[in-house]
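The values are calculated or read from the model by the stated rules, or taken from the named source; none is laboratory data. Remember, it's a predicted structure, so these values are computed and weren't measured experimentally. Please note: Cβ atoms are built from the backbone with ideal geometry, for glycine as well, and neighbour counts cover all protein chains shown.
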Amino acid sequence: MRAIAGTDQLSVVTLPDPEPGPHEVVIDVVAAGINRADLLQRRGLYPPPPGAVDTLGLEVSGRISAVGEHVAAWAVGDEVCALLAGGGYAEKVAVPAVQVLPKPGPVDLVSAAALPEVACTVASNLLDTAHLRSGELLLIHGGSSGIGTHAIQVAHALGARVAVTARTQKKLERCHELGADILIDYSTTDFVHVVSGSGGADVILDIMGGAYLARNIDALRTGGRLVIIGMQGGTKAELSIAKLLTKRAAVFGTTLRARPVEGPGSKAEVVATTRHVTWPLIEDGEVIPIVDATYPLAEADAAQAHLEGGDAIGKVLLTMQ
Ligand SMILES: NC(=O)c1ccc[n+]([C@@H]2O[C@H](COP(=O)([O-])OP(=O)(O)OC[C@H]3O[C@@H](n4cnc5c(N)ncnc54)[C@H](OP(=O)(O)O)[C@@H]3O)[C@@H](O)[C@H]2O)c1
């Protein structure tokens with residue numbers, strides 16, 4: 001599935017089957033996750049990193065159908081899911097072996113496609129970057145998003161208290177079922193007021209960027225960590241350094257897709273952390289994939305429109321068969 005250059009159109013195209021490089025596997029794709037970044041890529045606003053295929057899709061589930069000559073960790077027939085730099089809306093995809101994760105036992109193979117992007121984003125940001133600890137208060141903006149619904153469950157399982165923002169009562173109720181304690185309808189209520197009333201946030205996982213920067217700093221408690229992973233509210237804002245210093249606070253920004261495959265800060269490291277921290281929680285049933293809707297590949301346009309429409313709670317998936 002390719003975005004046609006210079007247009008906003010998607011089209012199914014026939015391409016040669018991928019061959020695995022020496023350190024890669026080929027996955028026969030069963031399902032692919034749709035991400036907000038795909039909506040930007042189709043409009044030419046989020047080009048793939050150098051060397052990545054230009055077909056859409058940042059995560060898949062499926063069965064391994066070929067392994068490269070230096071790959072020992074995986075075998076043909078293994079049921080897996082994987083984090084990609086692109087190319088997931090397809091029947092087959094080649095991916096570095098270090099970006100592959102085993103399908104968790106309790107999760108069906110289609111739903112496993114909902115996991116790689118959210119699990120890797122949440123584990124790397126909450127643990128490696130923000131060092132979230134048990135008993136701390138985490139504020140998650142967009143609690144009902146794909147990222148949010150997963151982050152609530154992981155943070156709750158790790159013993160953190162969770163506050164979320166969302167736009168409707170239905171979304172907030174779902175966040176509560178998943179483990180959020182403090183529910184804030186951002187369309188009617190000031191999140192700074194609510195979170196400050198609970199002592200302030202130790203960690204904020206933010207997807208709004210510029211629009212929320214000043215208020216996020218206000219909502220942090222002393223020693224708080226703000227991790228910005230999205231720019232839905234713009235890329236620029238004024239930062240009060242005086243408030244940052246007074247609170248001894250930190251502001252981080254991270255992205256997953258642009259990380260190198262291996263080495264310091266790589267996708268390999270993120271996948272290893274995720275497998276170590278999050279996969280046992282999924283195996284135990286403490287964290288489950290949250291899938292709002294599933295569409296066949298031929299209806300990728302409708303599937304993306306569903307995500308963009310803003311009513312989804314959790315992930316939207318594409319299936320290949
Ligand atoms: N940096 C990274 O590595 C990385 C990786 C993955 C995703 N992301 C980013 O994370 C974000 C979520 O991704 P996703 O795929 O989970 O997206 P998604 O499911 O489409 O969710 C987008 C969310 O934005 C929320 N939202 C919109 N305006 C808001 C506001 N003013 N205040 C609070 N929430 C608001 C929506 O909630 P309401 O309907 O309640 O408004 C919705 O839940 C995106 O910005 C994406 O680019 C970053």
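Is it the case, given these coordinates, that H141 is without any contact (Cβ under 8 Å) to a residue 40 or more places away in the chain and either within 16 Å of the ligand (Cβ to nearest atom) or polar (S, T, N, Q) (or both)? The answer is no for H141.
For (1) part of a loop (DSSP other than H, G, I, E, B); (2) among the hydrophobic types (A, V, I, L, M, F, W, C), each residue gets a yes or a no:
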position	(1), (2)
A258	yes, yes
T274	no, no
E299	no, no
H306	no, no
D311	yes, no
L318	no, yes
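If you check A32, A90, A82 for being farther than 26 Å from G285 by Cα and in the same structural domain as Y295 (by TED's automatic domain parsing), only one passes: A90. Residues being assigned by TED's automatic domain parsing to the domain that holds P49 and among the hydroxyl-bearing types (S, T, Y) are entirely absent from the range 220-239.
Taken over the range 263-294, the residue count meeting the criterion of being over 20 Å from S144 (Cα atoms) and within 15 Å of the ligand (Cβ to nearest atom) is 8.
Over 20 Å from A114 (Cβ atoms) and either in a strand (DSSP E or B) or of a type outside the set (F, W, Y) (or both) - does that describe any residue in the range 77-86?
Taking every residue of the range 77-86 in turn, at least one turns out to be over 20 Å from A114 (Cβ atoms) and either in a strand (DSSP E or B) or of a type outside the set (F, W, Y) (or both).
Here V95, V162, V154, V71 are screened, and the one residue that is outside any loop (DSSP other than H, G, I, E, B) and assigned by TED's automatic domain parsing to the domain that holds V26 is V95. Residues that are part of a helix (DSSP H, G or I) and closer than 19 Å to A123 by Cα are absent from the range 199-207. Of all the numbered requirements in (1) surrounded by fewer than 24 Cβ atoms within 10 Å (Cβ to Cβ); (2) closer than 20 Å to G233 by Cα, I140 misses one, and that requirement is (1). Between E59, E117, the distinction of being within 16 Å of the ligand (Cβ to nearest atom), within 22 Å of D284 (Cα to Cα), under 18 Å from the mean Cα position of the chain (by Cα) and of a type in the set (D, E) belongs to E117 only. The criterion of being touching a Ser or Thr at 6+ places or on another chain (Cβ under 9 Å) and farther than 19 Å from L132 by Cα holds for L317. R257 passes every criterion in (1) surrounded by 12 or more Cβ atoms within 10 Å (Cβ to Cβ); (2) within 15 Å of the ligand (Cβ to nearest atom); (3) modelled with pLDDT of 95 or more apart from (3). In the range 217-254, how many residues are in a loop (DSSP other than H, G, I, E, B), surrounded by 12 or more Cβ atoms within 10 Å (Cβ to Cβ) and within 14 Å of the ligand (Cβ to nearest atom)? So the count comes out to 8.
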